[in-house]
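Only one structure is covered here, and it is reproduced in the block below.
The values are calculated or read from the model by the stated rules, or taken from the named source; none is laboratory data. All values reported here derive from a predicted model rather than from experimental measurement. Neighbour counts run over all protein chains shown; Cβ positions are idealised from the backbone, glycine included. The protein model used for the area step is the full one, side chains on, heavy atoms only, and it has no ligands, DNA or RNA in it. Shrake-Rupley method; radii C 1.70, N 1.55, O 1.52, S 1.80 Å.
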Amino acid sequence: MTDTPIALVTGSAQGIGLACAEALKEDGFDVILSDVNARGVAEAASKIGALDAIPCDMGDASQIDAMFAQIAANHGPITALVNNAGVALPGDFLNYASDDFDRVIAINLKGVFLATQKAAQAMVDARIEGAIVNMSSINAQVAIPAIPAYCASKGGVMQLTKVAALALAKNNIRVNAVGPGSIDTEMMAGVNANPEAFKVAMSRTPLGRAGDAREIGDVVAFLCSKKASYITGETIYV
């Protein structure tokens, strides 16, 4: 165990999650990567020199419990949590599968709640004035009919962020969210491959280009830092 602050980033085998981990590491954190993709998260951890890599399905409460128990036993309490893991599962609204809806909500919303609860309890017990950053989305505000569960989950994350910020303020634990717009990751690959869809996405993007994952990571790192010491309960749209 070390005196260096520790940050856990979920869904960090690639894309935005990995970019968040890289930015936090550059800011002086030891980082723990977590992802449902066991091989991918191990490779990502090796690539950036992470403290640990833990396979975890954020839609499974027992796996979340086991992950936090492993972290506590091997590394002690974390100082920062980035709830990044998420899925979209698009489909036609009238025929959208109930199981798909449940799966998206389980990972994107319930998993965020459970991880926040676990991390915050450990921070309170250790008297750590920590930071939690949840990954919301522009789709917390802007609806797209083909991703009903995703939009609902990210709107829920926005509200859960406010709830947690109020509940944990007395412990000096800050809770914020970041809402990415169109970011050039695997989740946007389908849009990138469709010129008409890409044109529509850019029509609502003031800078007229897709964002880079690191542009999200840097904002997350800022929110985890002392530079954001008086910010809580906010969703920053990037």
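Below, the figures for the structure above:
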| item | result |
| --- | --- |
| Boolean, Val175 is in contact with a strand residue (DSSP E or B) (Cβ under 8 Å, 6 or more places away or on another chain) and either surrounded by fewer than 18 Cβ atoms within 10 Å (Cβ to Cβ) or within 30 Å of Ile128 (Cα to Cα) (or both) | yes |
| Unique match (being in contact with a helix residue (DSSP H, G or I) (Cβ under 9 Å, 6 or more places away or on another chain) and on the phi > 0 side of the Ramachandran plot) among Leu114, Leu89 | Leu89 |
| Residue match in the range 215-229 (condition: of a type in the set (Ser, Thr, Tyr), open to solvent by less than 100 Å² (accessible area, probe 1.4 Å) and modelled with pLDDT of 95 or more) | yes |
| Pair list, Cβ under 7 Å, 6 or more apart: the range 1-28 residue charged (D, E, K, R), other residue assigned to a loop (DSSP other than H, G, I, E, B) | Asp27/Ser225 |
| Residue list for the range 120-145, filter: open to solvent by 10 Å² or more (accessible area, probe 1.4 Å) and β-branched (Val, Ile, Thr) | Val124, Ile128, Ile138, Val142, Ile144 |
| Some residue of the range 99-119 being surrounded by 20 or more Cβ atoms within 10 Å (Cβ to Cβ) and part of a loop (DSSP other than H, G, I, E, B) | no |
| Condition broken by Gly76, with the remaining ones in (1) under 16 Å from the mean Cα position of the chain (by Cα); (2) open to solvent by less than 30 Å² (accessible area, probe 1.4 Å) satisfied | (1) |
| Residue list for the range 14-28, filter: surrounded by fewer than 24 Cβ atoms within 10 Å (Cβ to Cβ) and hydrophobic (A, V, I, L, M, F, W, C) | none |
| Residue tally, condition in a loop (DSSP other than H, G, I, E, B) and surrounded by fewer than 19 Cβ atoms within 10 Å (Cβ to Cβ), over the range 147-172 | 1 |
| Failed condition for Lys47, given (1) open to solvent by 40 Å² or more (accessible area, probe 1.4 Å); (2) touching a residue at least 40 places away in the same chain (Cβ under 8 Å) | (2) |
| So Gly233, is it within 21 Å of Gln14 (Cα to Cα) and open to solvent by less than 40 Å² (accessible area, probe 1.4 Å) | no |
| In the range 190-214, residue modelled with the highest pLDDT [restricted to those that are under 20 Å from Ala88 (Cβ atoms) and among the polar types (S, T, N, Q)] | Thr205 |
| Close pairs (8 angstrom Cβ cut-off, 6 or more residues apart or separate chains): more than 7 Å from Gly233 (Cβ to Cβ) in the range 160-173, of a type in the set (Asp, Glu) and open to solvent by less than 50 Å² (accessible area, probe 1.4 Å) anywhere | none |
| Failed item, numbered, when Val41 is tested on (1) in contact with a helix residue (DSSP H, G or I) (Cβ under 8 Å, 6 or more places away or on another chain); (2) buried (at least 24 other Cβ atoms within 10 Å of the Cβ) | (1) |
| Failed item, numbered, when Ala80 is tested on (1) farther than 27 Å from Ala169 by Cα; (2) touching a Phe, Trp or Tyr at 6+ places or on another chain (Cβ under 7 Å) | (1) |
| Count of residues meeting criterion [among the small types (Gly, Ala, Ser) and either in contact with a strand residue (DSSP E or B) (Cβ under 8 Å, 6 or more places away or on another chain) or open to solvent by 70 Å² or more (accessible area, probe 1.4 Å) (or both)] in the range 196-214 | 4 |
